[in-house]
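**Q** Sending over a structure as C-alpha cells; questions will come in a sec.
What follows draws every value from the coordinates through simple rules; no lab data is involved. These numbers come from a predicted model, not from an experiment. All Cβ positions, even for glycine, are placed from backbone atoms using ideal geometry, and neighbour counts span all protein chains on display.
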Amino acid sequence: MKYHLHYIKLLLLMFCIGGAVSACKDYDDEKKESDKPELTIFIHQPYSGLESYLDHDLQEVNKALRNNPEICKKINILYFRNNYITGKLYKKNYHIDPTTGEESIEDVLLKEYPLSQTDYTTFSGLHQILSDVVSIGKTDKYGMVIGCHGSGWIPTKEDKSSRAASGDKVIRKVFGKIDNDTYNATYKTLGKAIEATGKKMEFILVDDCYSQNIEVAYDLRNASNFLIASITEMGGDGQDYETAIPHLLEGNYKAICDYNKDYYTQVGNPWKTSTISITDCSQVESMVSIMKEIYSSANLNDVDRDALQVFDGYDCEYGYNIFYDFSQYVHLLCNDAPLLAKFDAQMKKLIVYNVFTPEFNSVFFDYGAHHKIPDHNYLRPITTCCGITCSDPCTERQNDWKETSWYKATH
C-alpha cells in the first residue's frame, strides 16, 4: 500500500513538473514574441552631396536611441548610404556593456550594392533594397525616411532630353543629387517598388524640398498610409531625428511637424521658415474622383496665375513658378458650388495636419538669375496654405505635367 502511495505521489510530481516545464515554455514563447520589434524604420539616404547633413542626421538617431533605451527593443533602424560607386545597407544596434554599463550604438554593415549591379534609381534596384529591408526587419510595421535633395514630381532626364539638348535651362528630377540624373529617382518608381514588396509603409517622411504635392501623393497612395513632407524648400538641417524617432514609433506625426516649425523659427536659425503637412494617402483616390468631376465641369474659369499663392522660388532662376496652392487653385478654377463643397470636405480628410510660417524661404531668392531684390533675407509671404500643392497652372511645364500619373488619372 505504501508502494502504491509513493508511486502515485511520484506520478503527481512528474505531472506537476511537466506542467511547469510546459508553462515555462509558453512563458518563454510569449516573452520572445513580446520582445519582437514593432516597427522597422528604413532611412534612405541616396547620393546627394549632402553627406555632412546626413551624417548629422544619423548622429541624431543615435541620440534618440540613447535617450530612449526603452524604444530600442521596439524598433529596428536600417539605413542605406552610398557614394558614386557602392551603396551600403546598415543596421543600428543598441548595446549596453554588462560589465561597465556603458551604452554604445554600433552600425552593422548588412549588405553592399555595387552600383554597377544595383541601380537604386530604378524599380529593380529600389525593389531589391526594399525587399532586403523587409526580409531583415521581420516586423509587422514598416516606415521610411528619405534624406536628400528633392523637387517634387519634376520629370526624369528621359522626359526632358530634347529640352536639355536645345540648351534650355531645366529643373532636375525628383529626389537624389538633383544636379546629376545618374543619382536621381522618381517617387512613382519608389511607390511601385514599395508596393512590390507586399508591405505598405505606415509613413513616408520625406526630408527633401517640394515633396508635398498632389502629384507625389498620388504616386505614393498605395505605398504608404501617411506622407509627411514639406510644401516648400527645406533648410539644410532637415528634420531633427533625436525628437522624430520616438514620435514615429508612437505614430505622433503631428509632433514632428510642430517641432520642425519651432526649430526653424527660433531666434538665430538662418532659414527662418517651415511648411510641413501630413497627407492621408488613403484619401487620394477619392480626391481623384472629385477632380475628374471638376475638370469635366462646364463651369471652369481661366485662372489668373498672379492671383495664386506660389510655394517655390523657381521664377527667380527659371522665370516661372511650378508649385501652387492646390485648394486656392481649384476654387479659382471652378464655379460649381456643390462640387467645391465636395472638394472642401475631401480636403479636410486628405490633409490631416498642416503647419506653416507666415513666409517661406528659397535658395533662389539669394542667387537666382531673375532675382531683383539684393537682400539675402528676402522671404515670400504665405497668405493661404491648404497643406499641399499642384502644378496645373504652370503652363511652361504642361507637357511634362500631362505625363504625370495624377494628370492621367484625373483627365
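**Q** Taking amide H positions as placed in the peptide plane 1.01 Å from N, state which residues far from Asn252 in sequence (5 or more) or on other chains have amide H under 5 Å from it.
**A** Under 5 Å from the amide H of Asn252: no residue qualifies.
**Q** Under the Karplus relation 6.51 cos²θ - 1.76 cosθ + 1.60, θ = phi - 60°, what is the ordered set of whole-Hz ³J(HN,Hα) values for the stretch 399-409, x standing for Gly and Pro?
**A** Here the 3J(HN,Hα) series is 4, 5, 4, 5, 8, 6, 5, 4, 4, 5, 7 Hz.
**Q** Can I ask one more? May I ask you to give the average projected area over all directions of the convex hull of the Cα atoms of the stretch 247-383, in nm² rounded to one decimal?
**A** Details: hull surface 40.5 nm².
Average projection, Cα convex hull of the stretch 247-383: 10.1 nm².
**Q** Kindly write out, for the stretch 347-362 in residue order, the coupling ³J(HN,Hα) from the Karplus curve 6.51 cos²θ - 1.76 cosθ + 1.60 (θ = phi - 60°), rounded to whole Hz, with x marking Gly and Pro.
**A** 4, 5, 7, 5, 9, 8, 7, 7, 10, 7, 8, x, 9, 9, 10, 7
**Q** Hey, if you put +1 on the Cβ of every Lys and Arg and -1 on every Asp and Glu Cβ in the stretch 257-310, which of Ser282, Ser297, Val310 ends up farthest toward the positive end of that dipole?
**A** The Cα lying farthest towards the positive end belongs to Val310.
**Q** Counting Lys and Arg as +1 and Asp and Glu as -1, each charge on the Cβ, what is the dipole of the stretch 47-107 about the Cα centre in debye, to the nearest 20?
**A** Roughly 280 debye, rounded to the nearest 20.
**Q** Would you mind checking which residues have amide H under 5 Å from Lys141's amide H? H placed 1.01 Å from N; only 5 or more apart, or other chain.
**A** Correct list: Thr40.
**Q** A further question follows. Taking the Cα centre of each part, how many Å lie between the stretch 235-260 and the stretch 32-86?
**A** Rounded to whole Å, the Cα centres lie 13 Å apart.
**Q** Treat each spin label as a single point 7 Å out from the Cα along the C-beta direction, and report the Lys348 to Tyr320 distance in nm.
**A** Distance between the two pseudo-spin positions: 3.6 nm.
**Q** Using θ = phi - 60° and the Karplus relation 6.51 cos²θ - 1.76 cosθ + 1.60, list the HN-Hα couplings for the stretch 261-270 in order, rounded to whole Hz, with x at every Gly or Pro.
**A** 5, 4, 5, 7, 9, 5, 4, x, 6, x
**Q** Still on this model: Which of the pairs Lys74/Lys349; Lys261/Lys348; Lys74/Lys199; Lys342/Lys408 have their Cα atoms more than 27 Å apart in this structure? Kindly include the intermediate steps, with their values, before the conclusion.
**A** Values: Lys74/Lys349 30 Å; Lys261/Lys348 21 Å; Lys74/Lys199 18 Å; Lys342/Lys408 21 Å.
From the list (Lys74/Lys349; Lys261/Lys348; Lys74/Lys199; Lys342/Lys408), the Cα-Cα distance tops 27 Å for Lys74/Lys349.
**Q** Out of residues 5 or more away from Asn184 or on other chains, whose amide H comes under 5 Å of its own, with H placed 1.01 Å from N in the peptide plane?
**A** Lys177
**Q** Roughly what would the spin-label model give for Ser124 and Glu51, points 7 Å off Cα along C-beta, in nm?
**A** The answer from the label model is 2.8 nm.
**Q** What's the ranking of 236-245, 203-212 by average number of surrounding C-beta atoms within 10 Å, highest first?
**A** Ranked by mean Cβ neighbours within 10 Å, highest first: 203-212, 236-245.
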